[in-house]
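Quick notes on the structure that follows.
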Amino acid sequence: MAPIIILGSCNVDQITYCPKFPSNGETLYATSFSTFFGGKGANQAYQSSLLSPSPNYVAFIGMVGDDEHERRIRENFNDVGVDTEHLLVGKEQTGIATIQVDGNGENRILIVPGANFELKPEDVQGMKGKIKSASIMVGQLEISPETTSMGFEIAKEHGVTTVLNPAPASPLSTLPPTLLKNTDYLVPNQPELSLLSNLPTTTPSQCVIASRYLIEKHGVKNVIVTMGGSGAMLVTPTVEHHVPCPPLPLPLVDTVGAGDSFLGGMSYYISKGVEVADAMVLSNGVAGWSVGGKGGQTSYK
């Protein structure tokens, strides 16, 4: 059975590279266009599996469309050893992400969720045997929050560590109340943390206050705030620990999927028993490598 279960989204990323983002009503020539495999859940599973020396160490639970993308996505997962037994096929099209990347490597993203939102809590209930044998389960918010919540509920019933990446950013009022209570590690970036807590998160001290609010008032056990080029911060009820980013090994090209690369690294290292602070150091290095190439999964190799 797979030690890591990733419950989440699976998309096709359509990426346009441009010198700068167009303003409202402005038309610009772009530099290039590429299509990649993506989706936050799929990216995280792909990165975790790349780090593992053995196949089927990572299992992916998600849904794609009955279309031309399904076979290629499954083959792409299988190429790096991801277990796709529970990659289901729905009625809607496979999810599509339309992405713009500017000359500084920053990105803007629009998502058509498609089949991702067809994955229901009852689908996940049928996978209880798979989930209870894992050591860690990772979820995001690119599928139905109720479905993620069901996965986490099953995981906690069986002592499985849970990691939630609350992206895309969502207000707390839109999430099932048990989701955060069943979360061992909440891993937001600063805007996501601000939206969840309704507090400012511009500075490290503000991030600590917002994180402790979610810990004390909403039952999250620990928070790891990703801060882009400034690294990441671990906040627990009693500890705050900042891990800076190491120097980039390659020139910055594209930040698409860098956060997912970090999450994939964290999932793998925690599953191997690495202490969280040390896992953050290693995962910063993994994510730093990813920004030196175009796309998400293609930049992880």
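The values are calculated or read from the model by the stated rules, or taken from the named source; none is laboratory data. Small disclaimer: the values here were computed from a predicted structure and weren't measured. Because the Cβ atoms are built from the backbone with ideal geometry, glycine has one as well, and the counts that use them run over all protein chains shown. Each accessible area value is taken on the protein alone, full model and side chains, heavy atoms only, with ligands, DNA and RNA left out. Shrake-Rupley method; radii C 1.70, N 1.55, O 1.52, S 1.80 Å.
Each row is one residue, and each column tells you yes or no for (1) open to solvent by 10 Å² or more (accessible area, probe 1.4 Å); (2) among the β-branched types (Val, Ile, Thr); (3) under 16 Å from Gly62 (Cα atoms).
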{"site": "Thr147", "(1), (2), (3)": "no, yes, yes"}
{"site": "Gly151", "(1), (2), (3)": "no, no, yes"}
{"site": "Glu157", "(1), (2), (3)": "yes, no, no"}
{"site": "Leu175", "(1), (2), (3)": "yes, no, no"}
Inset, instruction - Please enumerate the residues belonging to the range 197-226 that are in contact (Cβ under 8 Å) with a residue 12 or more places away in the chain, farther than 23 Å from Pro244 by Cβ and among the basic types (Lys, Arg). - result: Lys221
Inset, instruction - Return the total of residues in the range 177-194 being buried (at least 19 other Cβ atoms within 10 Å of the Cβ) and either hydrophobic (A, V, I, L, M, F, W, C) or modelled with pLDDT under 95 (or both). - result: 5
Inset, instruction - Within the range 68-102, track down each residue that is of a type outside the set (Lys, Arg), open to solvent by 40 Å² or more (accessible area, probe 1.4 Å) and either over 22 Å from Gly114 (Cα atoms) or assigned to a loop (DSSP other than H, G, I, E, B) (or both). - result: Asn78, Asp79, Glu85, Glu92, Gln93
Legend entry - Only one of Ser149, Ser194 that is in contact (Cβ under 8 Å) with a residue 12 or more places away in the chain and within 30 Å of Asp67 (Cα to Cα): Ser149
Legend entry - Extreme residue, surrounded by the most Cβ atoms within 10 Å (Cβ to Cβ), among residues of the range 1-54 that are aromatic (Phe, Trp, Tyr) and either out of contact with any strand residue (DSSP E or B) (no Cβ under 9 Å at 6 or more places or on another chain) or part of a helix (DSSP H, G or I) (or both): Tyr46
Legend entry - Hits in the range 11-58 - residues which are more than 16 Å from the chain's Cα centre (by Cα) and among the polar types (S, T, N, Q): Gln14, Thr16, Ser23, Asn24, Thr27, Thr31, Ser32, Ser34, Thr35, Ser52, Ser54, Asn56
